[in-house]
Amino acid sequence: MHMSDQREIAAPVAEVWTALLSAESLLHCVPGAKEVTGNAEDGFEATVVQKVGPVKATFKGKVELSNLVEGESLTLTGEGKGGAAGFAKGGADVTLAPSETGTLLSYEVDAKVGGKLAQLGSRLIDGFAKKMADQFFTNLQTSLEGPAEDGEEAGEDAAEAAPKKSLLKRMTGG
């Protein structure tokens with residue numbers, strides 16, 4: 001399964017880059033993550049609980065980062081084993097570029113599943129994989145920008161009227 005998309009994130013490239021390399025940030029961004037430990041150099045260990053159709057499983061896996069070009073691009077590669085449910089593995093090529101409002105994040109994802117999960121059918125699996133990728137990048141965007149306020153209009157005025165504390169600032173106490 002292959003998919004690609006992009007997101008406009010109202011945060012500087014350096015802040016988005018730092019969030020992608022942080023275990024704490026990944027814990028908040030990966031849907032169903034119960035634990036994420038490790039670092040960008042050695043890789044991350046993760047425990048994720050997900051329900052795909054009728055199959056609910058706890059996946060334990062590892063995520064490695066490669067092809068790091070600071071502030072520009074990286075590749076995330078991961079594999080998780082869910083016991084009797086099967087396995088999921090895949091990767092994402094992520095690129096960052098400065099934009100008028102902050103950072104344009106683009107990604108291409110390839111994912112594969114096996115075991116019981118593979119028996120659910122490609123349409124269900126493809127929809128689930130797209131939902132997971134969308135949720136991850138939505139969570140990343142929210143963690144960097146802060147939650148949207150009800151009735152708040154997008155733009156500089158709204159950002160100035162209701163300053164938001166980004167994940168990076170919360171992490172560093174800034």
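Just so it is clear, none of the values below were taken in a lab; they were calculated from the coordinates. Every value quoted in this text rests on a predicted model; they were computed, and no experiment measured them. Note: ideal-geometry Cβ built from the backbone for every residue, glycine included; neighbour counts use all protein chains shown.
Below, the figures for the structure above:
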{"item": "Where a residue in the range 77-98 is within 11 Å of G114 (Cα to Cα) and its partner, wherever it lies, is surrounded by 16 or more Cβ atoms within 10 Å (Cβ to Cβ) and among the aromatic types (F, W, Y), with Cβ under 6 Å and at least six apart", "result": "G80/F59; K81/F87; G82/F59"}
{"item": "Among residues of the range 103-130, those that are touching a residue at least 12 places away in the same chain (Cβ under 8 Å) and surrounded by fewer than 20 Cβ atoms within 10 Å (Cβ to Cβ), counted", "result": "15"}
{"item": "Subset of the range 1-28 [over 23 Å from I125 (Cα atoms) and assigned to a loop (DSSP other than H, G, I, E, B)]", "result": "A10, A11, P12, L21, S22"}
{"item": "Residues (of a type outside the set (G, A, S) and within 21 Å of N67 (Cα to Cα)) located in the range 37-54", "result": "T37, N39, E41, D42, F44, E45"}
{"item": "Residues satisfying the stated conditions in the range 21-32, i.e. of a type in the set (A, V, I, L, M, F, W, C) and either buried (at least 20 other Cβ atoms within 10 Å of the Cβ) or touching a Cys at 6+ places or on another chain (Cβ under 9 Å) (or both)", "result": "L26, C29, V30"}
